[in-house]
1. Could you please give the count of residues in the stretch 95-133 that are over 18 Å from Val73 (Cβ atoms), surrounded by 15 or more Cβ atoms within 10 Å (Cβ to Cβ) and basic (Lys, Arg)?
2. Take the conditions more than 16 Å from the ligand (Cβ to nearest atom) and in contact with a His (Cβ under 8 Å, 6 or more places away or on another chain) and apply them to Arg163. Does it pass?
3. Anything in the stretch 107-165 that is under 17 Å from Ile95 (Cα atoms) and basic (Lys, Arg)? List them, or say none.
4. Those residues that are more than 18 Å from Glu146 (Cβ to Cβ), in contact (Cβ under 8 Å) with a residue 24 or more places away in the chain and of a type in the set (A, V, I, L, M, F, W, C), I need them from the stretch 74-119; list them, please.
5. Is it true that Met31 is outside any loop (DSSP other than H, G, I, E, B) and at pLDDT 95 or above?
6. Scan (1) surrounded by fewer than 22 Cβ atoms within 10 Å (Cβ to Cβ); (2) among the small types (Gly, Ala, Ser); (3) closer than 23 Å to Val161 by Cβ for the single condition Ala92 breaks and write down its number.
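The values are calculated or read from the model by the stated rules, or taken from the named source; none is laboratory data. Just so it is clear, the structure is predicted and the values come from calculations on it, not from any experiment. Positions of Cβ are generated from backbone atoms using ideal geometry, with glycine treated the same way; all protein chains shown enter the neighbour counts.
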Amino acid sequence: MIPGGESTTMSRLLQTFDLLDPLRKRIVDGMPAYGSCAGMILLAGEVLDGRPDQQQLGGLDVVVRRNAFGRQVDSFETDLPFSGLVDGPVRAVFIRAPWVESVGPGVEVLATVPERTVSGAHAGAAAGRAVAVRQGSVIATSFHPELTGDLRVHGLFCDLVKRTVMGTGTRS
Ligand code: GLN
């Protein structure tokens, strides 16, 4: 699990504690990983609007744009239909979040920003942007499902872990 936070600081800490290459190798070898927000940024193959020295763990063949929705004051919540989850949309909390700018062929988009948020505001340039993706056993969300008490997204990740451990294969 790679949580939210500040991806540039997390990148520095990964370097300071010599964790960058070991984690990269584990992810390439198939270790399941889930990144939310800054975690998504770290798992992305490429980052736009990052710091030039910002390092990636990789694992997802996607390009993400850091702070894509704007500044801290532009943080917002909305309901998102989420592929693979039953029982209605997920309440998504976006805090200075990235969005996914483009995805490679092996990447499944699990959720996109709707035209209008629950407050009725038009999503503008954010409309239709991918905010949840999966590639094999690696999954990422731009938002923070841990803040709502809805455990379904984490449940999805637990299923990926179980399938990986049982060797039924999820890599695409
Ligand atoms: N904007 C932060 C970053 O670039 C991510 C914010 C978050 O994780 N909520 O890392």
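1. So the answer is 1.
2. Details: more than 16 Å from the ligand (Cβ to nearest atom): yes; in contact with a His (Cβ under 8 Å, 6 or more places away or on another chain): no.
Considered against the rule, which asks whether it is more than 16 Å from the ligand (Cβ to nearest atom) and in contact with a His (Cβ under 8 Å, 6 or more places away or on another chain), Arg163 comes out as no.
3. Arg129, the sole residue that qualifies.
4. Those that are more than 18 Å from Glu146 (Cβ to Cβ), in contact (Cβ under 8 Å) with a residue 24 or more places away in the chain and of a type in the set (A, V, I, L, M, F, W, C): Trp99, Val100, Val103, Val107, Val109, Val113, Val118.
5. Taking the combined requirement at face value, the residue does not satisfy it.
6. Evaluating Ala92 over (1) surrounded by fewer than 22 Cβ atoms within 10 Å (Cβ to Cβ); (2) among the small types (Gly, Ala, Ser); (3) closer than 23 Å to Val161 by Cβ leaves (1) as the failure.
Each row is one residue, and each column tells you yes or no for (1) more than 11 Å from the ligand (Cβ to nearest atom); (2) among the small types (Gly, Ala, Ser); (3) buried (at least 19 other Cβ atoms within 10 Å of the Cβ).
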{"position": "Met1", "(1), (2), (3)": "yes, no, no"}
{"position": "Glu6", "(1), (2), (3)": "no, no, no"}
{"position": "Thr9", "(1), (2), (3)": "no, no, no"}
{"position": "Asp18", "(1), (2), (3)": "yes, no, no"}
{"position": "Pro32", "(1), (2), (3)": "yes, no, yes"}
{"position": "Ala38", "(1), (2), (3)": "no, yes, yes"}
{"position": "Gly45", "(1), (2), (3)": "yes, yes, no"}
